[in-house]
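We did not get these values from a lab; they are worked out from the coordinates using the rules stated. Remember, it's a predicted structure, so these values are computed and weren't measured experimentally. Don't worry about glycine lacking a Cβ; one is built from the backbone with ideal geometry, like all the others, and counts go over all protein chains shown.
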Amino acid sequence: MDHPAVHALSGHTVRHMKKCHIAYLVCTAALAGSALGAAPPVHHRAVHVVHPGQSIQKAVDAAAAGDTVLLTRGTYRQSVNMTASGVTLRGTSRRGVILSPAPATKKKAPNSCAEAGNGICVVGTKARKVEDVTIADLTVSGFTKNGIHATATDGLTVRHVTAAKNGVWGIATEGSVRGVYRDNTARDNGDAGLFLANTIKEEQGATDTKGTIVARNRLEGNRIGVTVRRLRNLTLARNHLTANCAGVFVVGDENKPKAGLVTVRDNRIVKNNKSCPKTARLDAIQGSGIVLTGAEDSLITRNVITGNAGASPLSGGIVLFKSIVGAASERNRISDNRLRDNAPADLVDADTGKGNTFERNDCRASRPTGLC
């Protein structure tokens, strides 16, 4: 049988084209169909509804890109591992849909997320990031490690989620880009409410997040409200941070590229005076508003920072501090912030880095003097 491409040059096709002059639209469609073949089937987005007592994991495993796994009101004592792109996991109510750990048992954990002590995991690889996953409108609480832990994601959105009383981090990401973390509450978690890092277990230079956004979140009662560790190119905006040991940490080290290009703007950072003991990597902390350590080329602007007071070397409203490995903070701009009643001072520059500037800040006390 001749290939259709041969017929395209035959007299038969010429006669056919003359007929098409009479019925142009119909014949054009016929020719296109014969040349290109049938169109591929279109996936219709599905909603997989899960009720308490049913397996969220089974619904997630059955979902395709564009699908939503919808959790109805109730408590789900289980963990969920998400590895497919384009899937949305959401509850019908943030307060009414709760994920908590499964009861202790001698049986093997049902998935790697549960085995690690996490609530929801979104897991990609270095070779293939998981793309465009959304988690929304639910609570993750009481897990021994993290409420949500995402690795190697692109375009992850976490919104209207409460992460409370988890052993380490409320919401944590590593090796991820273009994330959006908006309108969440993280409270009373063992370490950071929101933790964003290049990688947790390896030493390497900072990762470009390609514009990750952390916005309009409420972070309270954690060790640190938001930790940004060894990352570049992201924005923290319009968050409310209170009752943590520290509000915001931007952390770098000696690796290249260096952490930086972080914008911290329009946040309210109030009375972060909880006391936390020293750890292997960090001094005791209390009363820290924003701390930059080993970071470069960042902008700290238009924040309201009040009532953060403590006796730690890291205490104060906005603090520049040399990193644990001695890396200096350089070329950071601290401008147009309003600071009141922070102790030992509103602005503290305890770093030896060059090119850091303090401009138009409304404050009353600084160390050294003259920064206000």
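Distances between placed amide hydrogens fall under 5 Å for A309 paired with N272, G287, A343, all partners being 5 or more residues away or on another chain.
Taking neighbour counts of Cβ atoms within 10 Å as a proxy for exposure, in what order, fewest first, do R340, R90 appear? It would help to have the intermediate numbers written out before the result.
Details: R340 16, R90 19.
Fewest-to-most ranking of R340, R90: R340, R90.
Each residue, T75 and E202, gets one label point 7 Å from its Cα in the Cβ direction; the gap between the two is 4.0 nm. Residues L234, L347, L292, arranged from fewest to most other Cβ atoms within 10 angstrom of their Cβ, appear as L234, L347, L292. Of all segments of the chain bounded by GluC sites (Glu not before Pro) found in a DSSP loop with no more than 16 other C-beta atoms within 10 Å, the longest spans 1-201. When the P(r) is computed for the chain, the part past 40 Å accounts for 28% of the Cα-Cα pairs. What's log10 of I(q)/I(0) for segment 261-372 at q = 0.16, 0.18, 0.23 Å⁻¹, Debye sum over Cα points only, no solvent? Relative scattering, expressed as log10 I(q)/I(0), comes to -0.63, -0.81, -1.33. Just checking the listed ones, T68, T125, T293: in the Gaussian network model of the chain with Cα springs under 10 Å, the one fluctuating most is T125.
Local charge for N267 was computed over the other residues whose Cβ lies under 9 Å away, with Lys and Arg +1 and Asp and Glu -1, and equals +3.
Each other residue within a Cβ distance under 10 Å of S85 adds +1 if Lys or Arg and -1 if Asp or Glu, for a net charge of -1. Candidate cross-link partners of K106 among the lysines, defined by an alpha-carbon separation under 28 Å and a same-chain spacing of 8 or more, comprise K58, K145, K165. Listed by chain and number, the lysines whose C-alpha is less than 19 Å from the C-alpha of K278, apart from same-chain residues fewer than 8 away, are K322. Taking the longest Cα principal axis of the chain as reference, the axis of helix 24-36 is set at about 70 degrees. Helix 11-22 and the longest principal axis of the C-alpha atoms of the chain enclose an angle of approximately 80°.
Annotation for segment 151-216: trypsin sites (Lys or Arg not before Pro) lying in DSSP loop with at most 13 further Cβ atoms inside 10 Å of their Cβ are K201.
Under a 5 Å amide H cut-off, with hydrogens placed 1.01 Å from N, V49 pairs with L70 among residues at least 5 apart or on other chains. Here the 3J(HN,Hα) profile of segment 80-97, calculated from phi with Karplus coefficients 6.51, -1.76 and 1.60 at θ = phi - 60°, is 10, 10, 10, 10, 9, 6, x, 9, 10, 10, 8, x, 7, 7, 4, 6, x, 10 Hz, Gly and Pro shown as x.
For G66, neighbours were defined as the other residues whose beta-carbon sits under 11 Å from its Cβ, and their charges (Lys and Arg +1, Asp and Glu -1) total -1. Among T207, T357, T153, which one shows the biggest mean-square fluctuation in a GNM of the chain, springs joining Cα atoms closer than 10 Å? Top of the fluctuation ranking is T357. The aspartates and glutamates within cross-link reach of K126, meaning a Cα-to-Cα straight distance under 18 Å and a gap of 8 or more places when in the same chain, are D154, E174, E202, E203, D208. Per-residue ellipticity at 222 nm, computed for the chain from helices alone with -39500 (n - 2.57) per DSSP H run of at least four residues, works out to -3000 deg cm²/dmol. Listing L320, L282 from fewest to most neighbouring C-beta atoms within 10 Å gives L282, L320.
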